Amino acid sequence: MTQSKLPKKSICKWDKSTLAHALPLLAEQIRSAEFICRKCGRSAAEKRLLCKAVRMDSLSDTKA
Ligand SMILES: [Zn+2]
């Protein structure tokens, strides 16, 4: 087994090979995502994984 740890850098900066090996972990992140990157549209459970993270909460409610 290779390591199954999330890379330290943000998802936004992962290259292809990083993405390939960490994909299952990324799936977990997305499943329980609370943050979205307002620059690149990626989502994650942990703020540190996104370059411009914003809480999805803060977007979903009322700006109407
Ligand atoms: Zn980003």
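Here, each number is a calculation from the coordinates, and none is a lab measurement. Given the structure is predicted, the values throughout are model-derived calculations rather than measurements. Ideal geometry is used to build each Cβ from the backbone, glycine not excepted, and the neighbour counts take in all protein chains shown.
Residues of the stretch 8-27 with the amide nitrogen closer than 11 Å to a label point 7 Å from the Cα of Lys47, along Cα-to-Cβ, please. No residues fall inside that zone.
Couplings for the stretch 26-35, taken from phi via the Karplus curve 6.51 cos²θ - 1.76 cosθ + 1.60 with θ = phi - 60°, read 5, 4, 4, 4, 6, 4, 10, 5, 10, 10 Hz in order; Gly and Pro are left as x.
Across every pair of non-identical alpha carbons in the stretch 11-58, the mean reciprocal distance, once inverted, gives a Kirkwood radius of 10.6 Å. Spatially close Lys pairs in the chain, defined by Cα atoms under 20 Å apart and a spacing of eight or more places or different chains, total 17. Can you list the trypsin sites (Lys or Arg not before Pro) in the stretch 21-51 that are in a DSSP coil and have 15 or fewer other beta carbons within 10 angstrom? When the trypsin sites (Lys or Arg not before Pro) of the stretch 21-51 are filtered for loop state and at most 15 Cβ neighbours within 10 Å, Arg38, Lys39 remain.
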